[in-house]
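Worksheet: the structure to be examined is printed underneath.
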Amino acid sequence: MSKKDGGPAFPLKTSELPYRPAFDGMSLRDYFAGQALAGLLANPNTRETRTDTALAAYFIADALLKARTQGE
């Protein structure tokens, strides 16, 4: 996928774990989508399909990433 993902959400430097290689973790886009998904699923009255809910979470994540770069 060619969309910018915001970089790693919880990177670990090699110096923080000298016995392991650096770990970038999930992308910031995936983290934002997971947080949005939790909010979307908290609505007990939702009638959306699972696919539509997942797509909505990534739509929100993309909007959050865009908002982060607008102030730069």
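Throughout, read-outs are computed from the coordinates displayed, never taken from laboratory work. Model, not experiment: these values are computed from the prediction.
Quick notes on this structure:
- Residues with amide H under 5 Å from that of Ser27, placed H, sequence gap 5 or more: Ala9
- A full extension of the chain between Thr69 and Arg50 corresponds to an added length of 3.9 nm, given 0.36 nm per residue minus the alpha carbon distance.
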